1. Any chance segment 299-317 includes a residue that's part of a strand (DSSP E or B) and open to solvent by 20 Å² or more (accessible area, probe 1.4 Å)?
2. Considering only segment 226-268, state which residues are of a type outside the set (D, E, K, R), part of a loop (DSSP other than H, G, I, E, B) and more than 30 Å from residue 27 (Cα to Cα).
3. What number of residues within segment 175-206 satisfy the criterion of being aromatic (Phe, Trp, Tyr) and surrounded by fewer than 22 Cβ atoms within 10 Å (Cβ to Cβ)?
4. Has segment 59-76 got at least one residue that is in contact with a His (Cβ under 8 Å, 6 or more places away or on another chain) and either farther than 30 Å from residue 262 by Cβ or part of a helix (DSSP H, G or I) (or both)?
5. Search segment 240-272 for residues being touching a strand residue (DSSP E or B) at 6+ places or on another chain (Cβ under 8 Å) and exposed (fewer than 13 other Cβ atoms within 10 Å of the Cβ), and hand back the single one that is farthest from residue 312 (Cα to Cα).
6. Suppose the filter is loosely packed, with under 15 Cβ neighbours inside 10 Å, touching a residue at least 24 places away in the same chain (Cβ under 8 Å), more than 30 Å from residue 344 (Cβ to Cβ) and not charged (D, E, K, R); does residue 232 pass it?
7. Would you mention how many residues in segment 13-29 are at pLDDT below 95 and of a type outside the set (Asp, Glu)?
8. Which condition does residue 294 not pass, out of (1) surrounded by fewer than 16 Cβ atoms within 10 Å (Cβ to Cβ); (2) among the charged types (D, E, K, R); (3) under 21 Å from the mean Cα position of the chain (by Cα), if it passes all the others?
Amino acid sequence: MKDSTVNLQTNNSSHEKILLAVLPFWTPLIPPMGISCLKSFLQPQGYRVKTLDLNIEEGFKNIYDRYFNTLKEVVPAKRRGNFYNIGHDLLQNHMMLHFNGKHEEEYEELVKKLFFNTFFCRVDIRDIVKLKKIISDFYSLLERYFIDLLAREKPALLGLSVFRGTLPASLFTFKLTREKYPHIKTLMGGGIFSQELDIESENFKTFLEKTPYIDHIIVGEGENLFLKFLTGQLSPEQKVYTLEDINNQIQDLNAVEIPDFSDFDMRHYPGTAAYASRSCPFQCSFCAETIYWKKYRKKSPKLVVEELVKLFEKYNCQLFLMCDSLLNPIITGIANEFIKANISLYWDGYLRVDKHVGDIEKTMLWRRGGFYRA
């Protein structure tokens, strides 16, 4: 067995493989942006990076469908509301409950509470048994899948990009990896740290205590932090790394490579991911975007159009979801560049409602430039 301090530094001529993944359940509208940006950043530095999205795997999609089809039988139509959105909350909490391995009677009572607190309805014991079987099947499939994957890929480091809906599966996989392959380093990042696991929260402190199987955590923009970790410039004794550990060094967005989606079968995704900026120009106190990404930065509109054209040529995609927090400061420039280039690509994204957005001439300009939905 290899020593637990696997050498991943760039002066090592035989670089060990890095496996980066997003686990279920996260809606696969676009290929994972975060790990694709990390791959495009690390590979030119000499690292071997494999990226993976389990949300497009047929077995996991089937389990997802089974769970929601059963929910439809259990939840009265008048209680469903925004069914899949609300149902994701129930599914995540149910998966976390299952992961924590509660005693049978306690498990049943907690599932009843979950249903009542989520959909304001009662659930029968027979339905609890059916749903428990589906969750159990999910974890059994995930265990088989990952044991086979790790044996086949032989990574030195497993990194998971974690969001709210993928937290239970990610914790299960980290724990499984530690039990079956203790020599593999485990590293966690992702949007979860700008959500429920804000590093200033009590939740985060409890999380650190309960996850000894996670070696390191990266909070915030990952490229420079990850590289400095791999090259040994960050303390190996430290569990949590933030941008403060590298003097808030952030990416120059006009100098980055386009995301590397080469490991994904792009036919599974309705659209392709792209971005024109990071962080947010508005300093709203309720939002973690500025804390997570630090200073607001944007690419030149000309570069954004050039990158979308490159992605179109490389992956044959015409539909793009812009992953920016808000497109307000840059949308007009991008639309003008598309009109000037006379290229038919279509993109959508998030806008803050203000007078600028309500200007009919501007919205028509954006539409001519390919922006089809806000």
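The values are calculated or read from the model by the stated rules, or taken from the named source; none is laboratory data. Bear in mind that the values here come from a model prediction, so they are computed numbers and not experimental data. For neighbour counting, all protein chains shown are included, and Cβ atoms are generated from backbone atoms with ideal geometry for every residue, glycine included. All accessible areas refer to the heavy atoms of the entire protein, side chains included, with ligands and DNA or RNA removed. Shrake-Rupley method; radii C 1.70, N 1.55, O 1.52, S 1.80 Å.
1. Scanning segment 299-317, I find no residue that is part of a strand (DSSP E or B) and open to solvent by 20 Å² or more (accessible area, probe 1.4 Å), so the answer is no.
2. 231, 232, 233, 234, 235, 236, 238, 247, 248, 249
3. Step one: of segment 175-206, the residues aromatic (Phe, Trp, Tyr) are 181, 193, 204.
Among the residues that remain, those that are also surrounded by fewer than 22 Cβ atoms within 10 Å (Cβ to Cβ) are: 181, 204.
Residues flagged as aromatic (Phe, Trp, Tyr) and surrounded by fewer than 22 Cβ atoms within 10 Å (Cβ to Cβ) within segment 175-206 amount to 2.
4. The initial filter retains those residues of segment 59-76 that are in contact with a His (Cβ under 8 Å, 6 or more places away or on another chain), namely none.
Checking segment 59-76: not a single residue is in contact with a His (Cβ under 8 Å, 6 or more places away or on another chain) and either farther than 30 Å from residue 262 by Cβ or part of a helix (DSSP H, G or I) (or both).
5. 252
6. Values: loosely packed, with under 15 Cβ neighbours inside 10 Å: yes; touching a residue at least 24 places away in the same chain (Cβ under 8 Å): yes; more than 30 Å from residue 344 (Cβ to Cβ): yes; not charged (D, E, K, R): yes.
In short, yes.
7. Step one: of segment 13-29, the residues at pLDDT below 95 are 13-16, 26-29.
Imposing the further condition that a residue be of a type outside the set (Asp, Glu) reduces the set to 13-15, 26-29.
Looking only at that region, the number is 7.
8. It is condition (1) that residue 294 fails.
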